[in-house]
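Right, one structure below, let's go through it.
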């Protein structure tokens, strides 16, 4: 290969690679990449992003349509990874479904979601989507009304969410798995209870 | 001839399979939500007719749920009759990104890998949806030539794709995030089909395919498959010692060279049919009139000696490969947000959750959250807008009056006012307002509040209904292709003129 041809090839390759990198938006954060809620059994965020192959099989598997892929339109490095927006649809922990495992963890081919058995103890131990957080200025029960909708929606009611006087919800961060049923059920706009990602080491 | 018919059938059935699997997923969602049996609930849902049509077939099965669970996914990674199949590129890439061996993933690549080792790059020519699209690009070039428009013909080195594979894997290893997954055409195409069925717009991905296709049609024929595709590179390496090969019977060959221009891999089938580039598509076999080219089975052990001279890899290449593998293991993950200085997840103290119905902003010490109900307002229906303004530090809610006005954006000229400036006092810690948006489109909701003695104006961009962005993007792409074409044509004209001039000069001299 003569020198001129070599430079031509190198330039073409360089342009194509940088074009692809630019397009895939590698390393760029998407509009909502901070605080993405991952499905049950997900690895730590960094490991999750490295392991997830963006096949969206968990999205297909979710019976409640709670998992939504991060948009591929904004060309961010997280595009195609599963995300949960409990306000639209919360994780039901596959309670009304057949099968021994949570569906999304069963569908994941890459190990980004570790298998979680559909047993209360295992769910409590392995599922850490986030932790519910109450805005006391918005919550009706803390503002001269009485509601308690979130408590009634909570699958671990009495453990993750307890009720005080006037149906005031109290979150127990140790027991909360972050399924988001409380956020889904909140009758307030904007919602007074939200699932936030757990702080990571 | 029949080989090509079978190949086309296989390609078409892969497309159908991807579409069918997506429909099955949609159906599974409806089944899980228990709306499938209810005429009223099903009315107006996406893919209603198809879901209803497949419903009787699936409910007849012994175990409909396990059938639905066992058939899922796209070409990138799918489960077919309970068997997990994954593109080896996905596995290799995720291995280098996470440096973590997940055996089920490797096992799911077993069938594709074995098929490739035995049959060569058949994934490319027989299965890959991207290959179909780019073959179509080749047909378009023929059409252009037929119309006496000569597209440019620049060829790049076929070795580029191996370099791209290596560089991409290194990028994945360093950035700790898959890279090919977002640009690999078969994954992209199956994702677009999937999104289309689920009613999600993926115009950005369409744009990528459009750019590659336009480049192939006007500049470099079969550019992606021949010189860039990392998947093709990986399959090529895996299928290097394939027993199934296109073989030339030297006695029968008349030397007509008809097979060279038709080769999809851009090689010379007479001399290079056993090389790493051949993807066993069989087009040359179809075009070989004396039937000198044929598929032949050849056990590599017996023919190893003969092939050794032609296939031997130089020591330098071997050493380079070894160094690459070692360096892949030695690279440490450089997580993307560290590179860019982005904060860690959950560091942000304000709300991380942003469903479509919320529009956050900040001014001074205040976090402002605009909520609308319904989430994306329907035109001609009253929508409730509520502003929730809260001090970030003191956690106190803003209690003074604010003024709000609503404007409709227009591409040309002034924005029209929908709702003139109105004052709002907080009720239940929120500033509320009702507004009716007249048509589908983009609106600006302007909030004016007094912060620390200064008047602050915050514009919120809101969408009502479904304004169409897809059409504009498709039109822009088409326009881009036309412009590119005109430029190429102009350059060619100029070249031709210059040639003519030099000819004339020669004649004169």
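The values are calculated or read from the model by the stated rules, or taken from the named source; none is laboratory data. Just so we're clear, the structure is a prediction, and the values are computed from it rather than from any experiment. Cβ coordinates were reconstructed from backbone atoms using ideal geometry, including for glycine residues, and neighbour counts include every protein chain displayed.
Quick look at the values:
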item: Among residues of the range A:44-55, those that are assigned to a loop (DSSP other than H, G, I, E, B) and facing another protein chain (nearest Cβ under 7 Å), counted; result: 3
item: Failed item in (1) assigned by TED's automatic domain parsing to the domain that holds residue A:89; (2) under 18 Å from the mean Cα position of the chain (by Cα), with residue A:122 passing the rest; result: (2)
item: Test set (1) within 19 Å of residue B:191 (Cα to Cα); (2) in contact (Cβ under 8 Å) with a residue 60 or more places away in the chain - residue B:137 fails condition number; result: (1)
item: Residue B:189 being surrounded by 17 or more Cβ atoms within 10 Å (Cβ to Cβ) and more than 11 Å from chain A (Cβ to nearest Cβ); result: yes
item: Condition broken by residue B:208, with the remaining ones in (1) within 14 Å of chain A (Cβ to nearest Cβ); (2) modelled with pLDDT of 85 or more; (3) surrounded by 21 or more Cβ atoms within 10 Å (Cβ to Cβ) satisfied; result: (2)
item: The range A:92-107 - residue that is out of contact with any strand residue (DSSP E or B) (no Cβ under 9 Å at 6 or more places or on another chain) and at the interface with chain B (Cβ under 10 Å from one of its Cβ atoms) and, of those, farthest from residue B:90 (Cα to Cα); result: A:96
item: Failed criterion for residue B:163 (all others in (1) crowded, with 21+ Cβ neighbours inside 10 Å; (2) within 14 Å of another protein chain (Cβ to nearest Cβ); (3) on the phi < 0 side of the Ramachandran plot hold); result: (1)
item: Selected residue [at pLDDT 80 or above and not assigned by TED's automatic domain parsing to the domain that holds residue A:107] from A:15, A:59; result: A:15
item: Hey, residue B:133 away from every other protein chain (no Cβ under 14 Å) and within 22 Å of the chain's Cα centre (by Cα) or not; result: yes
item: Test: residue in the range B:441-448 that is surrounded by fewer than 16 Cβ atoms within 10 Å (Cβ to Cβ), farther than 14 Å from residue B:459 by Cα and either modelled with pLDDT under 85 or within 14 Å of chain A (Cβ to nearest Cβ) (or both); result: no
item: Residue selected from the range A:156-184 under the condition in contact with a helix residue (DSSP H, G or I) (Cβ under 6 Å, 6 or more places away or on another chain) and in contact (Cβ under 8 Å) with a residue 40 or more places away in the chain, by the criterion surrounded by the most Cβ atoms within 10 Å (Cβ to Cβ); result: A:182
item: Tally of residues being closer than 13 Å to residue B:169 by Cα, buried (at least 19 other Cβ atoms within 10 Å of the Cβ) and either at the interface with chain A (Cβ under 8 Å from one of its Cβ atoms) or in contact (Cβ under 8 Å) with a residue 12 or more places away in the chain (or both) across the range B:89-117; result: 9
item: Residues that are in a loop (DSSP other than H, G, I, E, B) and within 14 Å of chain A (Cβ to nearest Cβ), drawn from the range B:394-419; result: B:394, B:395, B:396, B:398, B:399
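One line per residue, one yes/no per condition, for (1) touching a strand residue (DSSP E or B) at 6+ places or on another chain (Cβ under 7 Å); (2) modelled with pLDDT of 85 or more; (3) surrounded by 14 or more Cβ atoms within 10 Å (Cβ to Cβ):
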| residue | (1), (2), (3) |
| --- | --- |
| B:392 | yes, no, no |
| B:395 | no, no, no |
| B:398 | yes, yes, yes |
| B:402 | yes, yes, yes |
| B:407 | yes, yes, yes |
| B:414 | no, no, no |
